[in-house]
Amino acid sequence: MKLQFAMDTLSTDAALELAAAAAPHVDILELGTPLIKSAGVSAITAIKQAHPDKIVFADLKTMDAGELEADMAFRAGADLVTVLGSAGDSTIAGAVTAAKKRGKGVVVDLIGVADKPKRAKEAVALGADFVEMHAGLDEQAEEGFTFGTLLRDGEAAGVPFSVAGGVNADSIADVQKAGAQVAVAGSAIYSAPDVGAAAAALRAAIV
């Protein structure tokens, strides 16, 4: 299982600092949606240039103009981009078209999708490399949210998936046990007093 670090900061400089600390211990460096909105696609280029050996993940959360937005990110240096699972099939297919032209990949983010297993199967059939079982910060704060629901949805989908939204040192073993290809950790790393040590601890928990 790969470890992905979601950097939900607002400046390229801050992202570069976080990436430098965590990179030795992670496989994928994710530029969070707030970062891309704040700094633009130039942040993607900066991270890829600083860490050419890492998979760079641009969390665009595209809802429309799939081919156009994906191609923008790929040209900037991204290896993977996200399209929302609630987007139309043509939007996902458009992003996949851009990815195939450049030898890159598309991840369909299922945040806010009610029937995640069903949409996951559809997304992979449309050409997505994998889907992200994702609970956003707002959803995690809602009454009744449980992390286990994401894991059960991933298992039920029967397609390649990642898990994002509550991955930490206590839960990462369960993520691997559920069969996820990627564990996505954000605040568990970037909010830690020692970013490098936090990333290393998560890496050590993957068997």
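One table, with the values for the structure above:
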{"read-out": "Total residues in region 119-134, condition of a type outside the set (A, V, I, L, M) and either free of Cβ contacts under 8 Å to residues at least 24 places away in the same chain or closer than 15 Å to Leu80 by Cβ (or both)", "value": "5"}
{"read-out": "Filter result (part of a helix (DSSP H, G or I) and either over 19 Å from the mean Cα position of the chain (by Cα) or surrounded by fewer than 23 Cβ atoms within 10 Å (Cβ to Cβ) (or both)) within region 96-108", "value": "Thr97, Ala98, Lys100, Lys101, Arg102"}
{"read-out": "Residue check, Thr45 of a type in the set (Val, Ile, Thr), part of a strand (DSSP E or B) and at pLDDT 95 or above", "value": "no"}
{"read-out": "From the options Lys48, Lys61, residue that is buried (at least 19 other Cβ atoms within 10 Å of the Cβ) and more than 16 Å from Lys104 (Cβ to Cβ)", "value": "Lys61"}
{"read-out": "Residue tally, condition modelled with pLDDT under 95 and among the acidic types (Asp, Glu), over region 116-137", "value": "0"}
{"read-out": "Given (1) modelled with pLDDT of 95 or more; (2) touching a strand residue (DSSP E or B) at 6+ places or on another chain (Cβ under 9 Å), index of the condition Gly165 fails", "value": "(1)"}
{"read-out": "Single condition Gln140 does not satisfy, out of (1) of a type in the set (S, T, N, Q); (2) over 30 Å from Gln49 (Cβ atoms); (3) over 17 Å from the mean Cα position of the chain (by Cα)", "value": "(3)"}
{"read-out": "Lone unmet requirement of (1) without any contact (Cβ under 8 Å) to a residue 40 or more places away in the chain; (2) farther than 19 Å from Lys61 by Cβ for Leu137", "value": "(2)"}
{"read-out": "Test set (1) touching a Lys or Arg at 6+ places or on another chain (Cβ under 7 Å); (2) surrounded by fewer than 20 Cβ atoms within 10 Å (Cβ to Cβ) - Phe74 fails condition number", "value": "(2)"}
{"read-out": "Condition check for Thr9: surrounded by 19 or more Cβ atoms within 10 Å (Cβ to Cβ), of a type in the set (S, T, N, Q) and touching a residue at least 12 places away in the same chain (Cβ under 8 Å)", "value": "yes"}
{"read-out": "Top-ranked residue of region 109-132 - restricted to ones that are small (Gly, Ala, Ser) and within 18 Å of the chain's Cα centre (by Cα), ranked as nearest to Phe161 (Cα to Cα)", "value": "Ala120"}
{"read-out": "Residue satisfying condition, being free of Cβ contacts under 8 Å to residues at least 24 places away in the same chain and either closer than 21 Å to Pro24 by Cβ or out of contact with any Asp or Glu (no Cβ under 9 Å at 6 or more places or on another chain) (or both), within set Ala156, Ala204, Ala200, Ala183", "value": "Ala204"}
{"read-out": "Qualifying positions in region 12-33 - under 16 Å from Gly186 (Cβ atoms), surrounded by fewer than 18 Cβ atoms within 10 Å (Cβ to Cβ) and more than 13 Å from the chain's Cα centre (by Cα)", "value": "Ala14, Glu17"}
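A quick yes/no check of all residues on (1) modelled with pLDDT under 95; (2) within 16 Å of the chain's Cα centre (by Cα); (3) farther than 16 Å from Leu35 by Cα:
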| residue | (1), (2), (3) |
| --- | --- |
| Ala50 | no, no, yes |
| Ile55 | no, yes, yes |
| Asp59 | no, yes, no |
| Asp64 | no, no, yes |
| Glu67 | no, no, yes |
| Ala78 | no, yes, no |
| Val83 | no, yes, yes |
| Gly88 | no, no, yes |
| Gly94 | no, no, yes |
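The values are calculated or read from the model by the stated rules, or taken from the named source; none is laboratory data. Everything quoted here is computed from the prediction, not taken from an experiment. As a convention, Cβ positions derive from the backbone with ideal geometry for all residues, glycine included, and neighbour counts pool all protein chains shown.
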